[in-house]
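Some notes on the structure that comes next.
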Amino acid sequence: MKQKIEALILQAIDTLKIEGDLARGVSPSIVIERTRDPLHGDFACNVAMVLAKSANTSPRLLAEKILAAIPSDVLLLKAEIAGPGFINFFVDSRTQFRVLQQILTEADAFGCSQIGADKKVQVEFVSANPTGPLHVGHGRGAAYGSAVADLLAAVGFSVEREYYVNDAGRQMDILATSVWLRYLEACGEAVVFPSNAYRGEYVREIAHALYELSGTLYQRSINSIMQAIPADEPQGGDKDIHIDALIERAKSLLGVAQYQAVFEMGLNGILEDIKQDLHEFGVDYQQWFSERQLMDDGSVQQALQRLDTAGFLYKQEGATWFASSRLGDEKDRVVVRDNGQSTYFASDIAYHMQKLDRGFDQIIDIWGADHHGYIPRVRAAMQALGANTDKLTVLLVQFAVLYRGEERVQMSTRSGDFVTLRELRAEVGNDAARFFYTMRRSDQHMDFDLQLATSKTNENPVFYVQYAYARICSVLRQLAEKNIQHDIEQGTENLQLLTELNERELLTALTRYPEVLERAALQYEPHQLIHYLRELANNFHSYYNAHQFLVESADLRNARLNLICAVQQVLRNGLTLLKIKSPETM
RNA sequence: GCGUUUGUAGCUCAACCGGAUAGAGCACCGGCCUUCUAAGCCGGGGGUUGCAGGUUCGAUUCCUGCCAAGCGCACCA
């Protein structure tokens with residue numbers, strides 16, 4: 001309908017151009033809006049106000065001319081000028097009825113479209129370091145990222161979901177060493193656990209599994225380990241120097257193969273946990289992309305080579321630098337340290353080179369907001385590699401600030417003191433967790449009160465939407481108990497009986513669904529879908545309280561059943577898209 | 001200090017590339033269950049959209065300054 005009105009207005013404008021009321025050069029972008037107030041009709045257009053200046057006339061006068069030039073159309077009940085120069089359109093309710101037929105026919109596919117035209121889009125999200133279980137901050141990225149990916153898929157993009165696994169670097173060595181030390185404890189060695197190691201309980205579990213699997217194979221005496229190791233912080237030393245020395249000691253005492261085995265044990269243990277966790281949360285990936293692989297298969301070297309060829313690398317003080325400041329970054333960045341090791345950024349350059357080479361039309365990176373300063377350098381790298389940086393979209397997710405009642409919950413992976421996503425899911429359930437996370441704009445700060453979410457789950461808004469769905473299911477059960485059939489055809493023939501205000505509002509809401517999906521997808525804003533579902537549920541609850549559906553008159557009854565079945569279908573489509581269950585009873 | 005994001009009802013948040021009287025939920029007050037699930041509905045109070053300017057038919061939205069908060073400013077990842 002929107003397109004229809006847009007076409008009509010364009011025709012009118014062309015007419016005015018021919019008649020000389022408008023300059024031929026102007027080609028306004030026509031904006032058709034849903035009206036907020038029913039008094040303003042169904043759709044409104046502001047084109048007269050936009051063009052008034054260039055036409056050298058007042059908005060209302062121009063609006064009248066446009067109005068007069070709009071071809072008549074059976075679908076248009078009337079159009080009128082209002083306010084400062086809006087043209088308001090009133091749509092024939094028969095066109096609204098069509099959507100019911102469409103919903104009942106298309107069923108699960110209703111709302112989906114092909115706007116994406118099969119363009120290849122990659123969405124990379126979560127990508128948390130595999131040094132511990134996901135916490136509630138990652139949960140927001142997971143819920144948001146998967147919702148964005150699923151929305152894009154729903155409107156016709158070919159979507160690939162990817163998790164970048166940072167399985168290289170110092171943090172992973174600290175993890176491996178942490179596992180080894182806990183393992184030594186299990187072997188009976190008296191270990192003083194470093195202050196900078198990973199202290200979470202999960203490290204112990206992995207260490208025990210290692211002990212179960214391999215016995216004392218990796219055991220070394222604590223004396224040989226601690227010999228000449230610089231003191232830890234609590235003993236007046238430096239915690240970083242201490243842990244780095246222990247890492248080196250682990251490597252030398254265990255040898256390459258055994259160290260690798262311990263390392264893998266830690267990595268795989270955590271990675272499997274993360275995969276399982278996300279899967280249970282309704283988040284599945286097509287690709288888990290390993291940073292180590294980039295280093296091993298020469299991609300990092302190749303990427304640096306390409307930057308060098310393009311003239312963007314130089315040496316200084318023993319390190320190799322990428323001249324990103326020439327491409328908008330605030331300063332140059334090191335890509336190879338003076339000790340010969342490439343930096344994390346070098347891996348990321350290679351990673352984005354890979355993304356480009358894999359032929360995506362669009363690359364979407366979803367990062368925690370604390371990484372926002374990282375964007376210019378990645379853009380610079382892509383540009384230096386000769387790519388169009390428009391292909392890259394970085395979406396930022398603000399961390400949720402956790403509260404327990406009034407008290408702010410501090411979180412630190414290192415100390416093991418954090419609320420995991422798994423714990424949250426267990427306490428509030430997957431549905432509530434997803435709904436909560438997705439309810440808010442992702443780039444907005446968010447307060448997540450655990451006490452509220454866990455102790456008063458009945459007040460959770462997710463139930464409001466699910467309840468509307470369950471109520472419709474219940475009506476249909478009542479119908480079956482009374483041995484009455486829902487005659488869809490008879491309903492369709494009697495839709496004109498749906499004259500109540502509640503019914504008209506529901507119809508309008510239903511016609512909006514495909515538009516909401518499209519907007520939510522293209523703007524990467526799944527919260528719009530949540531808000532829509534709440535409105536639809538609200539419209540339904542009001543209707544439910546005001547009118548009886550299972551009335552004597554079969555004509556009216558079937559028409560109303562058509563309507564609520566359509567509502568049921570759209571609620572289910574929306575909830576399913578967000579990976580939230582649609583319960584038939586509550 | 002520089003960069004960046006954000007300031008909307010008591011609290012948590014919306015507001016469609018700038019649109020008409022800024023909306024929901026929670027909390028508060030008052031109504032509605034002999035009728036399809038009251039996890040619901042109906043009504044009410046509650047706002048100088050941080051402050052001050054600017055741009056224009058029109059600004060919560062765009063620009064400038066100020067105030068406040070978060071984040072970033074590594075040869076860490």
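The numbers here are math on the coordinates, done by the rules we state, and not lab data. Only a predicted model underlies this, so the values are computations on that prediction, with no experimental measurement involved. Backbone-built Cβ (ideal geometry, glycine too); neighbour counts: all protein chains shown.
If I stretch the segment between residue A:394 and residue A:308 completely, what's the gain in nm (0.36 nm per residue apart, minus their alpha carbon distance), one decimal?
Working: separation 86, 0.36 × 86 = 30.96 nm, distance 2.55 nm.
Extra length from residue A:394 to residue A:308 when fully extended: 28.4 nm.
Sort A:342, A:72, A:325 so that the residue with the fewest other Cβ atoms within 10 Å of its own Cβ comes first and the one with the most comes last. Please report the intermediate quantities before stating the final value.
Details: A:342 22, A:72 7, A:325 15.
Going from sparsest to densest Cβ surroundings: A:72, A:325, A:342.
Set the Förster distance to 56 Å, then compute FRET efficiency between residue A:337 and residue A:19 from the Cβ-Cβ distance, nearest 0.05.
Numbers: r = 71 Å, r/R0 = 1.28.
That gives a FRET efficiency of 0.20.
Per residue, what volume in Å³ does the Cα convex hull of segment A:170-280 take up?
On the way: hull volume 11.2 nm³, N = 111.
Cα-based convex hull of segment A:170-280, divided per residue, equals 101 Å³.
For segment A:1-107, compute the number of Lys pairs whose alpha carbons are separated by less than 21 Å, excluding pairs fewer than 8 positions apart on the same chain.
9
What is the spin-label model distance, in nm, from residue A:401 to residue A:576 if the labels are put 7 Å beyond Cα along the C-beta direction?
Result for the modelled spin labels: 4.0 nm.
From the helices alone, meaning DSSP H stretches of at least four residues, give me the mean residue ellipticity at 222 nm for chain A, per-run term -39500 (n - 2.57), in deg cm²/dmol to the nearest 500.
Working: 21 runs with 303 residues, N = 586.
Only helices count here, giving -17000 deg cm²/dmol.
Determine the gain in length on full extension of the stretch residue A:584-residue A:170; use 0.36 nm per residue of separation and subtract their C-alpha separation, reporting nm with one decimal. Let's see the in-between values first.
Details: separation 414, 0.36 × 414 = 149.04 nm, distance 5.02 nm.
Result for the pair: 144.0 nm of gain on full extension.
Trypsin sites (Lys or Arg not before Pro) within segment A:5-111: which are DSSP loop residues with at most 15 other Cβ atoms inside 10 Å?
Numbers: sites: A:17, A:24, A:34, A:36, A:53, A:60, A:65, A:78, A:94, A:98; in loops: A:24, A:36, A:53.
Hits after loop and neighbour filter: A:24, A:36, A:53.
Mind jotting down the three principal axis lengths of chain A based on Cα atoms? Whole angstrom, largest first.
91, 65, 41
Does a label point 7 Å from the Cα of residue A:213, set along Cα-to-beta-carbon, have any residues of segment A:249-282 with amide nitrogen under 16 Å, and which are they?
A:257-275
Taking a spot 7 Å from the Cα of residue A:102 along the direction of its beta carbon, which residues of segment A:1-24 have an amide N less than 18 Å from it?
A:1-8
At a threshold of 8 angstrom on Cα-Cα distance, excluding pairs fewer than six apart, so keeping six or more, what relative contact order does chain A reach in percent?
Details: 895 pairs, mean separation 87.2, N = 586.
Computed value for chain A: 15 percent relative contact order.
How do A:511, A:585, A:35 rank when sorted from fewest to most other Cβ atoms within 10 Å of their own Cβ?
Numbers: A:511 22, A:585 8, A:35 17.
Going from least to most buried by this count: A:585, A:35, A:511.
Could you sort the peptides A:151-160, A:212-221, A:332-341 by per-residue average Cβ neighbour count (10 Å cutoff), highest mean leading? Each step should come with its number before you reach the end.
Numbers: A:151-160: 20.4, A:212-221: 13.6, A:332-341: 15.3.
Listed from highest to lowest mean packing, they are A:151-160, A:332-341, A:212-221.
Nearest 10 degrees, 0 to 90: what angle lies between the long axis of helix A:527-546 and the longest principal axis of chain A (Cα atoms)?
50
What does the charge count around residue A:85 come to, taking other residues whose C-beta lies under 12 Å from its C-beta (Lys +1, Arg +1, Asp -1, Glu -1)? Each step should come with its number before you reach the end.
Values: positive: A:53, A:60, A:65; negative: A:64, A:80.
Local charge sum for residue A:85: +1.
What are the lysines whose alpha-carbon lies under 26 Å from the alpha-carbon of residue A:391, with same-chain residues fewer than 8 places away excluded?
Within the straight-line cut-off, residue A:391 pairs with A:119, A:120, A:331, A:355.
Name the residue farthest towards the positive end of the dipole of chain A from the options A:103, A:268, A:586, assuming +1 on Cβ of Lys and Arg, -1 on Cβ of Asp and Glu, about the Cα centre.
Checking the options against the dipole of chain A, the answer is A:103.
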